[in-house]
1. Please list, ordered by first then second residue, the pairs with beta carbon atoms under 7 Å, 6 or more apart or interchain, first in the stretch 100-127 and touching a residue at least 12 places away in the same chain (Cβ under 8 Å), second surrounded by fewer than 24 Cβ atoms within 10 Å (Cβ to Cβ) and basic (Lys, Arg).
2. Modelled with pLDDT of 95 or more and more than 22 Å from Gln93 (Cβ to Cβ): is that true of Lys53 in this structure?
3. So Asn84 passes all but one of these: (1) more than 20 Å from Lys8 (Cα to Cα); (2) crowded, with 17+ Cβ neighbours inside 10 Å. Which condition number does it fail?
4. Quick test of your reading of the structure: Thr101 fulfils all but one of (1) β-branched (Val, Ile, Thr); (2) surrounded by fewer than 23 Cβ atoms within 10 Å (Cβ to Cβ); (3) modelled with pLDDT of 95 or more. Name the failing condition by number.
5. If I ask for residues that are crowded, with 17+ Cβ neighbours inside 10 Å, part of a helix (DSSP H, G or I) and among the small types (Gly, Ala, Ser), which ones from the stretch 151-187 would you list?
6. Would you pick out the residues in the stretch 1-23 that are outside any loop (DSSP other than H, G, I, E, B) and among the small types (Gly, Ala, Ser)?
7. Looking at the stretch 24-102, what helices (runs of 4 or more DSSP H) fall wholly within it and have at least 2 residues that are out of contact with any Leu (no Cβ under 8 Å at 6 or more places or on another chain) and under 27 Å from Val134 (Cβ atoms)?
Amino acid sequence: MTHHMSAKTIKSLHQKKHRKETNRFLVEGGKNVAELLASTYEIEGLYATKEFKAEHAGLLAKRKIEAHVVDAAELAAFGTLEHNDGALAVAVQKKPETPDTSAGITLVLDDIRDPGNMGTLIRIADWYGIANIVCSINCVDWYNPKVIAASMGSFTRVSGFYTDLASFLKKQSAPKLGADLRGTSVHAFAFPKNGILVIGSESHGISADVAKQLSGKITIPSFGKAESLNAAVAGAIILDRWKSGI
């Protein structure tokens, strides 16, 4: 059952401190809220245009969720998006379990600070069928509204676990591969069936203590003059090579 919340309560969830204290987060935009409705996340409050309410009447009835009808201007005023075409929801955060790295590919993110990059990496993981992302403590908050928005609903299918990366990686027996400019070319690398892929920060790459734990380094050969690749783009290229090479 959803209930009515004050604009102040909703706006407080723009801040990490309040998300942490209340264990709640915001989901904005028609597509993202539709994905949320189809997921197992608990929803506490839902505000939507009458069009969104009509379009998703079946799903709302199934979830026993009452959508409070508001106009697009009110949605934009409550939320963080400049334009919100459909809905805004307040949902309860999930507590992720330590992922099992022995099957499939696990994505590990070291110090990814940009919410757009983080959201895109969640979306990329979802595209390549990766269910778990392990994040360093200094990565941007998984439930940051900009991360959620950039994930385009993929946050409902991928779980994010925050931990000290060096000690986490030390305990893992799966191959640990890191994106590094001095690594072996992705075109020549023999990828294992299962393993861990570490992507470093936008500005500094993989931190020294994490790099010590790697069993292999891979690079994307450059054919031009750019100094580096965006973290999410690099992640996508490597995952594509890995998936096509297995």
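The values are calculated or read from the model by the stated rules, or taken from the named source; none is laboratory data. Keep in mind the model is a prediction, meaning the values are calculated, not measured. Here the Cβ positions follow ideal geometry from the backbone for every residue, glycine too, while neighbour counts run over all protein chains shown.
1. From residues that are touching a residue at least 12 places away in the same chain (Cβ under 8 Å), the pairs are Pro115/Lys146; Gly116/Lys146; Gly119/Lys146; Asp126/Arg157.
2. yes
3. Every condition holds for Asn84 apart from (1).
4. Against the list (1) β-branched (Val, Ile, Thr); (2) surrounded by fewer than 23 Cβ atoms within 10 Å (Cβ to Cβ); (3) modelled with pLDDT of 95 or more, Thr101 comes up short only on (3).
5. Passing the criteria: Ser151, Ser154.
6. Listed by number, the residues that qualify are Ala7, Ser12.
7. 30-37
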